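What follows is a single structure, written as structure tokens, with notes after it.
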Amino acid sequence: MNVISTDKLTKYYGENRGIIDVSLNVSEGEVYGFIGPNGAGKSTTIRALLSLIFPTSGSAKIFGKDCYEYAPEIKQEIGYLPSEVFYYDKMKVSDLLKYAASFYNRDCLKRTAELVDIMELDTSRKISELSFGNKKKVGIVQGLMHSPKLILLDEPTSGLDPLMQQKFFELVREENARGATIFFSSHILAEVQKLCTRVAIIKDGAIIKEDDINSLSEDKYKRVNIRASKSIENPFNYEGVTNLTRNEQGNTTSFMYKGDINLILKELSKIKVDDITINEPSLEEIFMHYYE
């Protein structure tokens, strides 16, 4: 079953582009990565799914129901962590969490206490006294306190120190093992690579690639690095060669290659080299390849 399904979801802000024809399906129990730099359309997509903004055209469904028509019902089963969290500054954390729990038709007390302990959160302090990182912890507790079936995470680790990031990743894995579907938006590719099973790359408001994360990383791409004592004259102007760079002396060359590795090895055998490495590119290199 698809927990999230969009069909040509489009949003314009006046004449300015938000997202264009975003079509995606996220299966139940999946950890789905949604990657792109700031301004690519990640947050706009999530806000449209949450019916916080209305689309210019297209449709969006969660749990098989229209996101806008059934918004109050759907939100009972959604946990959301925005990239930036804003609260009533004069409220204590404990009061805020009680207030947030009152919106759900279930007892959130036990789970809230567990999350507060995991996040090492001091609930006696006022919101105004918290750092950005501690406010983010409040957002994590608030988003997960009701054990949602779908968790939408928009740049979730910004503001968290490395140790707390690891705790958060473990928490996300536990929620997924419990059966929750995770929609994980980030521009930090290492995070996506750690957690996600499938990923979509969004550029200028449109999805340009969607694939299983292992297939994306192993999509016959190779990173080739060559070093020679003299300038390398071969221009490597072959089909499948991209992202080619050389140093000023011309004796080191690096490029991405997609295709039959035997063909490129045949050309490399004609060059006198000191060293050569051929390895799998990182997800970040593949991501930059699609963007460039």
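The values are calculated or read from the model by the stated rules, or taken from the named source; none is laboratory data. All values reported here derive from a predicted model rather than from experimental measurement. Note that we place each Cβ from the backbone using ideal geometry, even for glycine, and neighbour counts take in every protein chain shown.
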May I ask you to verify whether E77 is among the acidic types (D, E) and under 21 Å from the mean Cα position of the chain (by Cα)?
-> yes
Pick from I74, I4, I19, I62: which is over 26 Å from R178 (Cα atoms), at pLDDT 95 or above and buried (at least 21 other Cβ atoms within 10 Å of the Cβ)?
-> I19
Looking at T181, is it within 24 Å of E77 (Cβ to Cβ), within 12 Å of the chain's Cα centre (by Cα) and not hydrophobic (A, V, I, L, M, F, W, C)?
-> no
Filtered residue count, segment 66-83, keeping only those that are more than 18 Å from H146 (Cβ to Cβ) and free of Cβ contacts under 8 Å to residues at least 12 places away in the same chain = 2
Please tell me if E30 is under 15 Å from the mean Cα position of the chain (by Cα) and at negative phi.
-> yes
In segment 176-188, the residues that are surrounded by 19 or more Cβ atoms within 10 Å (Cβ to Cβ) and within 20 Å of S147 (Cα to Cα) | A180, T181, I182, F183, F184, S185
Name the residue, out of G33, G79, G29, G39, that is loosely packed, with under 14 Cβ neighbours inside 10 Å and not hydroxyl-bearing (S, T, Y).
-> G39
With respect to V116, determine if the residue is part of a strand (DSSP E or B) and either under 29 Å from E170 (Cβ atoms) or within 26 Å of the chain's Cα centre (by Cα) (or both).
-> no
Filter segment 228-265 down to the residues that are among the charged types (D, E, K, R) and either in contact with a Phe, Trp or Tyr (Cβ under 8 Å, 6 or more places away or on another chain) or surrounded by 15 or more Cβ atoms within 10 Å (Cβ to Cβ) (or both), then identify the one that is nearest to S215 (Cα to Cα).
-> K258
May I ask you to list the residues in segment 173-196 that are in contact (Cβ under 8 Å) with a residue 40 or more places away in the chain and within 22 Å of P37 (Cα to Cα)?
-> I182, F183, F184, S185, S186, H187, L189, A190, V192, Q193, L195, C196
